[in-house]
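Peer 1: Next up is a structure, given as structure tokens.
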Amino acid sequence: MGGTKKKVEIIAANGGMFDAYKVFNIATAAAATDAEVCIFFTFEGLNLIHKEGYKNLPMPAGTEHFQEGFKKANVPPVHELVGTATEMGVKMIACQMTMDVMSLEKEHFIEGIDVGGAVTFLTFAQDADVTLTF
């Protein structure tokens with residue numbers, strides 16, 4: 001590998017339990033490979049970093065049995081994954097426009113997030129090696 005870090009940009013636009021696992025699993029895996037990782041949370045994706053929302057994320061109907069599977073497989077709960085991502089330096093940006101539309105303030109979200117708009121996302125993503133949307 002060369003001297004430049006890989007950049008991974010993730011757009012989190014959905015706010016369910018499975019979405020949280022996808023977003024934070026990939027973010028922490030990428031950070032573990034020393035990549036620079038940024039997650040842009042918009043619309044329902046804001047639930048994943050909302051102080052109350054991420055504690056009660058919905059499971060898709062008919063998949064409640066997965067909760068037991070998560071426990072058996074020692075998959076950490078979402079709040080632990082969020083903490084791990086924060087500790088690993090994953091940059092998290094809440095979409096300002098969506099926050100305005102939903103009448104949300106930065107204080108509604110976990111510590112350590114940034115607030116920005118599409119330009120903030122595009123500035124990071126324009127030279128990202130990987131861009132994913134969930």
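Peer 1: Where a ≥ b ≥ c are the square roots of the eigenvalues of the C-alpha gyration tensor, would you call the chain rounded, which needs a/c under 1.5, or, failing that, prolate if a/b is larger than b/c, or oblate? Don't jump to the answer; show the numbers that get you there.
Peer 2: Working: a/c = 1.89, a/b = 1.17, b/c = 1.62.
Cα axes put the chain in the oblate bin.
Peer 1: First select every other residue whose beta carbon is under 9 angstrom from the beta carbon of Lys7; then total the charges, Lys and Arg +1, Asp and Glu -1.
Peer 2: Once all neighbours under 9 Å are counted, the net charge is -2.
Peer 1: Further question: Which distance in nm do the two modelled labels at Thr86 and Glu52 give, with both placed 7 Å along the Cα-to-Cβ direction?
Peer 2: About 1.8 nm separates the two model spin labels.
Peer 1: Here's a follow-up. Using every alpha carbon pair in the stretch 1-67, what percent of pairs falls into each 5 Å bin from 0 up to the bin containing the largest distance?
Peer 2: 4, 16, 23, 21, 16, 10, 5, 3, 1, 0
Peer 1: Using the structure shown, select from Lys51/Lys71; Lys72/Lys106; Lys7/Lys72; Lys71/Lys91; Lys22/Lys91; Lys22/Lys106 the pairs with a Cα to Cα distance greater than 26 angstrom.
Peer 2: The answer is Lys72/Lys106; Lys7/Lys72; Lys71/Lys91.
Peer 1: For Val37, enumerate residues with amide H under 5 Å from its amide H, sequence gap 5+ or separate chain, H modeled in the peptide plane.
Peer 2: Val8, Lys91
Peer 1: Under 5 Å between amide H atoms, partner at least 5 residues away or on a different chain: which partners does Leu132 have, H built in plane at 1.01 Å?
Peer 2: Result for Leu132 returns Glu9, Ile10, Ile11.
Peer 1: Then there's this: Looking only at the stretch 40-60, which residues have a backbone nitrogen under 17 Å from a spot 7 Å from the Cα of Val75 in the C-beta direction?
Peer 2: 48, 54-60
Peer 1: From the backbone phi of the stretch 58-64, what are the Karplus-calculated ³J(HN,Hα) couplings (6.51 cos²θ - 1.76 cosθ + 1.60, θ = phi - 60°) in whole Hz, Gly and Pro given as x?
Peer 2: x, 9, x, 3, x, 10, 4
Peer 1: Would you look at the GNM of the chain, springs on alpha carbons closer than 10 Å, and say which of Gly83, Gly69, Gly116 moves the most?
Peer 2: Taking springs between Cα atoms under 10 Å, the residue moving most is Gly69.
Peer 1: Out of residues 5 or more away from Val115 or on other chains, whose amide H comes under 5 Å of its own, with H placed 1.01 Å from N in the peptide plane?
Peer 2: For Val115, the qualifying residues are Ala94.
Peer 1: Which of these, Ala20, Ala35, Ala94, has the largest mean-square fluctuation under a Gaussian network model of the chain (Cα springs below 10 Å)?
Peer 2: Among Ala20, Ala35, Ala94, the largest mean-square fluctuation in the Gaussian network model of the chain belongs to Ala35.
Peer 1: Quick one: accessible surface of Val119, probe radius 1.4 Å, all protein chains present, in square angstrom to the nearest 10.
Peer 2: 110 Å²
The values are calculated or read from the model by the stated rules, or taken from the named source; none is laboratory data. Since the model is a prediction, treat every value here as computed from it, not as a measurement. Cβ: placed from backbone, ideal geometry, glycine included. Neighbour counts: every protein chain shown. For accessibility, only protein heavy atoms count, side chains too; no ligands or nucleic acids. Shrake-Rupley method; radii C 1.70, N 1.55, O 1.52, S 1.80 Å.
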